[in-house]
Each structure stands twice: as C-alpha cells, then as structure tokens.
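Reviewing the structure listed below.
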C-alpha cells in the first residue's frame, strides 16, 4: 500500500468516524464472535479510510488508562456508555480560554493571542462570537459607527450579529472583510488570505482598494493575494473539515504527507519532519486529534509502512 484512502468509501468522514467508534465499542464491550470479526474485517477492507479511522480510535483507547475519570467500573461497561465518556473526555481536553469585550468608541486596541496549540473563544457584548485558533493574534477596536477587528496572524472563525448601524469589518493582510449577517472563517498565510463563508453574506475588498469588491455567498471561499482575488466553491463537508480545529481535530482528504505534517506543526511544539521525497508525496485521509503528533506518526508507520525516528522534539518519517 502506497497511500491512504486510495479508494473512497461511501459516507462522510464524520460518518466513518461514527461507524469506527461503534465497531470499537462492540469489540471491547460486547460478546465478540468469529462472525463479528469477519464482519469487521470486511468493513475495514472496504476502504483505507475505514482502516485509518479504526486504528486511530484504537490508539486513542489504548491511552485512556491515563484518563481515569473516563473509565467506569467494568460492571458499567455495557451498551452505549463509551461514547458519552469519550465525548466528555474530549470536552475536557479541548477546554478553551474565554474572553469578553464590550465595543465602544474608544480607539484603543484590545489584543487577544493564542500560543501554539491553544485556542480562545471571545464573546462580544453584542452577542457575536469569535473563535481564535492556534498561534494567532487578533485585535479588536471600537470606533464611531463601526466594529473593527484586525487578524494580524493565524486563523479565526467569526459568528457576527449583524448591525446595519455598526458594520463589523475585519482587516487581514491589507484586505477588508465586511460582515453582512455572517459566519465566516479567515486564515492568514504567509502570502495569501483565505476567507470562507459558512452562512449569510460578506464582502471582501481588495488590498488598498485595488480591484473590485467580491461578495461571498454560503459555500464560497476567496483566496486573496496582493495581486488577485480568486473565488471558489466549497462543499458542506469541505467547510466542516476546515472548521475541524474548533472541536480539536484536523481532517485530511487526499492530503500529501508533507501537507499533513505542516498542518500538525501549526499546533504542536513537537515537529513532524518528512525525511524524503518519496514519503512526502504519499496521500493520507482521516480525522486526527490536533494535539497528538505521536498518534499520527504511529498510524503513518502502520498503514504506510514508514520508518519513524524520534530525535528529541522532532519526529522524522521516511519511506
């Protein structure tokens, strides 16, 4: 096998994760027979996405002995008790910093920052909410007739209460995004800005007023550079995948190992390094905890038959 998910399986990534969780629960807590094992083997053989999801959950389960609060006495381990406990554990792991702000006409900036691997939820007095992702910097500023935000670094998801008398305007990389009753995601890269609209409407104005404005509708994404603005369509599933960080996961769909490593490195001080070009080009699909590069490396090793070498805080993957 040279790549993950070479054959796509029916159902979304979330459907596959749910099916894998049910299989794990059945195997761990029900009376398990040879017929059950044959049925599981057939399901795993349908797609490498199935195999990845099941192995990832197994890896997570093997580490839950460190989370004593999630483990009920054996006499209680029946039926559907596992999934609620897993959800409770994830909620504890993904606990967010929470901030609040009252917009006024005071031009003084209020700055919010997150460390590598951190997230923060910012609640505004007008009912709006901003989720700030890893390694990000956001400034909020009050002004007469406006609510102003500046995404200086990183990524943020905005859920804005529309107010025609005080528009909400985000400046990022020199571009301006104006809320028209909107939920939208902005990610600032080194040379470009991605703006994806989930709900409502938004207007994107080019850097320094150059070029015409672009209005976004739900499911549309703008990729803005210093010279150009390109608009593309995204499926509902693609939008959901891009927002996976809000629930503490990274979702890959036919992603090269090099791209996957770069995404993991956004969230973790322990770096993943791809040691050669052959490994870098392999494709991967699946949903992974954003804070567990070790689990990702283990799955890459098992599925792609890669070599894993740990050098201090660096994990090197080679073919």
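List of remarks:
- Filter result (closer than 17 Å to residue 119 by Cα and part of a helix (DSSP H, G or I)) within the stretch 251-278: 263, 264, 265
- Of all residues in the stretch 281-308 being without any contact (Cβ under 8 Å) to a residue 60 or more places away in the chain and assigned to a strand (DSSP E or B), the one that is surrounded by the fewest Cβ atoms within 10 Å (Cβ to Cβ): 307
- Residues in the stretch 15-46 that are modelled with pLDDT under 80 and in contact with a strand residue (DSSP E or B) (Cβ under 9 Å, 6 or more places away or on another chain): 17 only.
- Residues satisfying the stated conditions in the stretch 261-300, i.e. in contact with a strand residue (DSSP E or B) (Cβ under 9 Å, 6 or more places away or on another chain) and within 19 Å of residue 20 (Cβ to Cβ): 284, 285, 286, 287, 288, 289, 290, 295, 296, 298, 299, 300
- Restricting attention to the stretch 138-168 and to residues that are surrounded by fewer than 18 Cβ atoms within 10 Å (Cβ to Cβ), over 24 Å from the mean Cα position of the chain (by Cα) and assigned to a strand (DSSP E or B), the residue that is modelled with the highest pLDDT turns out to be 146.
- Hey, residue 230 farther than 25 Å from residue 162 by Cβ and assigned to a strand (DSSP E or B) or not: yes
- In the stretch 248-289, the residues that are under 24 Å from residue 312 (Cβ atoms) and either in contact with a helix residue (DSSP H, G or I) (Cβ under 6 Å, 6 or more places away or on another chain) or outside the structural domain of residue 313 (by TED's automatic domain parsing) (or both): 250, 257, 258, 264, 268, 270, 271, 272, 274, 279, 280, 288
- Within the set 135, 126, the sole residue that is part of a loop (DSSP other than H, G, I, E, B) and at pLDDT below 90 turns out to be 126.
- In a residue-by-residue description of the stretch 237-247, the property of being more than 26 Å from residue 119 (Cα to Cα) and out of contact with any helix residue (DSSP H, G or I) (no Cβ under 7 Å at 6 or more places or on another chain) applies to no position.
- Residues that are at pLDDT 90 or above, buried (at least 18 other Cβ atoms within 10 Å of the Cβ) and in contact with a helix residue (DSSP H, G or I) (Cβ under 9 Å, 6 or more places away or on another chain) within the stretch 210-236 comprise just one, 221.
- Any hit, the stretch 104-113, residues being crowded, with 21+ Cβ neighbours inside 10 Å, in the same structural domain as residue 220 (by TED's automatic domain parsing) and either at pLDDT 95 or above or on the phi < 0 side of the Ramachandran plot (or both): no
The values are calculated or read from the model by the stated rules, or taken from the named source; none is laboratory data. In this text the structure is predicted, and so the values were computed from the model without any measurement. Using ideal geometry, Cβ is built from the backbone for each residue, glycine included, and neighbour counts are taken over all protein chains shown.
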